[in-house]
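Accompanying notes for the structure given below.
The values are calculated or read from the model by the stated rules, or taken from the named source; none is laboratory data. Only a predicted model underlies this, so the values are computations on that prediction, with no experimental measurement involved. Methodologically, a virtual Cβ is constructed for each residue, glycine included, from the backbone with ideal geometry; neighbour enumeration extends over all protein chains shown. For the accessible areas, the whole protein counts, side chains as well, though only heavy atoms, and no ligand, DNA or RNA atoms are used. Shrake-Rupley method; radii C 1.70, N 1.55, O 1.52, S 1.80 Å.
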Amino acid sequence: MKLRGLYAITDSQLLASRFLSYVEAALEGGVCLLQYRDKSDDAARRLREAEALMKLCERYGTRLLINDDAELAARLGVGVHLGQTDGPLTPARALLGRQAIIGSTCHASLALAAQAAKEGASYVAFGRFFNSVTKPGAPAASTELLEQARAQVKLPIAVIGGITLDNAAPLVAHGADLLAVIHGLFGADSAQEVTRRARAFNALFAS
C-alpha cells in the first residue's frame with residue numbers, strides 16, 4: 001500500500017461532541033491514514049472509540065493506527081504510531097507482525113529517522129513545521145530537513161505540526177508523503193467543511 005496523502009489525527013477535546021460524524025466526514029473526503037489519538041486513561045472508552053473508528057475505516061478503505069498503544073493496536077489488528085518516549089519499535093513490530101503499519105516520531109532529527117528505519121518503521125514523522133496547538137513546545141523542523149530526509153531515508157515521510165491548507169503545499173513540494181493534520185482538518189464549523197478540507201489536502205498530492 002502506498003502511503004501518500006492526508007493523514008488525519010483525532011483529538012478528543014476538539015472532537016468532543018462530534019467525534020464520529022467529523023471523522024466520517026474526513027474519510028468521505030479521502031484519508032490515507034487515520035490515527036486515533038487519545039491521551040486519557042479511560043481504557044473502556046478508548047477501546048469503544050477505536051472499535052467504532054475501525055468499522056468506519058473498513059467502510060472507507062482507510063488504514064487505522066493507534067497512538068502510543070501497541071497492545072490496543074494488536075487487539076484490533078491495526079497499526080500503531082510511537083513517540084520517542086514509547087521505547088524502541090522492535091517489540092511493537094514483533095507484536096503486530098510484518099504487515100502492520102508502524103510510524104515513528106522523529107521530531108527534527110535525521111538520526112532518529114535512521115534509527116526508526118533500522119528498527120522496522122513503516123514511515124517516519126517529522127515536526128513541528130509550524131506553531132502547533134497540540135504540541136506548542138516541540139522543536140521546529142524545516143523544509144531543508146525534509147529534503148535531507150528525502151535523500152537519506154528510504155521510507156514515506158509524514159510531516160506534522162500546525163499544518164493548514166494555507167501552508168501545506170511547500171511541504172509536499174519538498175518531499176512530504178503524508179500531511180498529518182489535526183486542527184487544520186477537524187477545527188471546522190461543519191462536517192461538510194471537514195470533507196472539503198480533506199479533499200483540498202489530498203488535491204495537493206495530485207499535481
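Below, the figures for the structure above:
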| read-out | value |
| --- | --- |
| For the stretch 148-163, 3J(HN,Hα) per residue [Karplus equation, 6.51 cos²θ - 1.76 cosθ + 1.60, θ = phi - 60°, Hz, x = Gly/Pro] | 5, 4, 4, 6, 9, 10, 8, 10, x, 10, 9, 10, 9, x, x, 7 |
| Theoretical FRET efficiency, 1/(1+(r/R0)^6), r = Cβ-Cβ of K55 and Q148, R0 35 Å, to 0.05 | 0.30 |
| Count of lysine pairs in the chain with Cα separation under 27 Å (8 or more residues apart, or interchain) | 8 |
| Note, ³J(HN,Hα) from phi for the stretch 70-81, Karplus 6.51, -1.76, 1.60, rounded to Hz, x at Gly and Pro | 5, 5, 5, 4, 5, 4, 9, x, 10, x, 9, 10 |
| Surface share of carbon and sulfur [accessible, 1.4 angstrom probe, percent] for the stretch 62-157 | 53 |
| Residues whose placed amide H lies under 5 Å from that of G120, excluding near-sequence neighbours | none |
| Inter-centroid distance (Cα atoms) of the stretch 115-180 relative to the stretch 76-98, Å | 20 |
| Å² per residue, accessible surface of the chain at 1.4 Å | 46 |
| ³J(HN,Hα), Karplus 6.51/-1.76/1.60, whole Hz, each residue of the stretch 83-94, x for Gly, Pro | x, 5, 8, 9, x, x, 6, 3, x, 5, 5, 5 |
| Order by protection proxy (mean Cβ within 10 Å, highest first), peptides 186-194, 10-18 | 186-194, 10-18 |
